[in-house]
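Reviewing the structure listed below.
The values are calculated or read from the model by the stated rules, or taken from the named source; none is laboratory data. Bear in mind the structure is a predicted one, so any value in this text is a computation, not a measurement. Methodologically, a virtual Cβ is constructed for each residue, glycine included, from the backbone with ideal geometry; neighbour enumeration extends over all protein chains shown.
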Amino acid sequence: MFELPHFFAQHSRRIIAITAISLSLLGAIGLAAATQTATPIWAAVHELAPGSMITAADITRVDATLGASQKRYYPATSRLIGNVVTRPVGAFEFIPTNALAQAGATTDMRQLPLGIAKSDLPADLGPGDRVDLYEVPKDASQAPGLVGADIRVQSVDNKSRDLGGSVTVLFLLHQKDILPIVDSLTSGRIVVVRNAL
């Protein structure tokens, strides 16, 4: 006759080990499910051009699982209506936190066109990219320096790239950043460095 207490007494260590492993697996599955929960994010209904003001017809809520990159986009709890677009946003694109500004803040933004040597900017630079601008002095004894940080590219004239020489790039930046950049052109050249993130 099979005696249950005797069976447990003989195999208690094995039963405890199996129970512990099972509980660990259930915990891991629960944690994975929790971290994969979709979060409502704002997305563009259609293309949004710089300078346009966000209306209810421009945005829609989309459930998405973005992991660590979620912080780069506006959650659906954010109030976006009335804000102004500062960089192009594509149709159905999640709206990046660096693509909008409050309406009053845009009055200080300016467009600055610069001719940049082809060798001094990324080959695939495009609208919406965020860049830093460095001055490389003509005087080799002087060190290069940062003259503009976290600046948005509004457009790139790729036709001028094909013709050789300089490429015309239109930057969107705060008016306070214009003079240091323009001043640096008198003593050197500008190198465009795209931000990786």
Given the options Leu125, Leu121, Leu112, name the one that is touching a helix residue (DSSP H, G or I) at 6+ places or on another chain (Cβ under 8 Å), within 17 Å of Ser166 (Cα to Cα) and in the same structural domain as Asp177 (by TED's automatic domain parsing).
Leu112
Only one residue in Phe2, Phe92 is at pLDDT below 85, among the aromatic types (Phe, Trp, Tyr) and not in a helix (DSSP H, G or I). Which one?
Phe2
Return a yes/no flag: does the stretch 66-76 have any residue that is surrounded by fewer than 17 Cβ atoms within 10 Å (Cβ to Cβ), aromatic (Phe, Trp, Tyr) and farther than 30 Å from Ser166 by Cβ.
no
The lone condition Val45 fails out of (1) in contact with a Ser or Thr (Cβ under 6 Å, 6 or more places away or on another chain); (2) crowded, with 18+ Cβ neighbours inside 10 Å is (2)
Need the failing condition index for Asp63 against (1) assigned to a strand (DSSP E or B); (2) under 20 Å from the mean Cα position of the chain (by Cα); (3) crowded, with 16+ Cβ neighbours inside 10 Å, just the number.
(3)
Inspect all residues belonging to the stretch 155-162 and state whether any of them is free of Cβ contacts under 8 Å to residues at least 24 places away in the same chain, farther than 29 Å from Thr39 by Cα, part of a loop (DSSP other than H, G, I, E, B) and in contact with a Pro (Cβ under 8 Å, 6 or more places away or on another chain).
no
Tell me whether the stretch 146-158 contains one or more residues that are closer than 17 Å to Thr86 by Cα, surrounded by fewer than 17 Cβ atoms within 10 Å (Cβ to Cβ), at pLDDT below 85 and of a type in the set (Lys, Arg).
no
Exactly one of (1) at pLDDT below 80; (2) under 28 Å from Leu172 (Cα atoms) is unmet by Thr37. Its number?
(2)
Quick check: anything in the stretch 146-167 touching a helix residue (DSSP H, G or I) at 6+ places or on another chain (Cβ under 8 Å) and polar (S, T, N, Q)?
yes
State which residue pairs qualify: first residue touching a residue at least 40 places away in the same chain (Cβ under 8 Å) and inside the stretch 36-65, second residue loosely packed, with under 11 Cβ neighbours inside 10 Å in any location, beta carbons under 7 Å apart, and separation of 6 or more residues or different chains.
Ala44/Ala91; Val45/Ala57; His46/Ala91; Glu47/Ala91
What's the number of the only condition in (1) surrounded by 15 or more Cβ atoms within 10 Å (Cβ to Cβ); (2) at pLDDT below 85; (3) within 30 Å of Ile41 (Cβ to Cβ) that Arg161 fails to meet?
(3)
Let me spell it out: the conditions are (1) in contact with a helix residue (DSSP H, G or I) (Cβ under 8 Å, 6 or more places away or on another chain); (2) at pLDDT below 90, and Thr186 meets all of them except one. Which number is the exception?
(1)
Could you grab me the full set of residues in the stretch 106-154 that are outside any helix (DSSP H, G or I) and among the acidic types (Asp, Glu)?
Asp124, Asp129, Asp132, Glu135, Asp139, Asp150
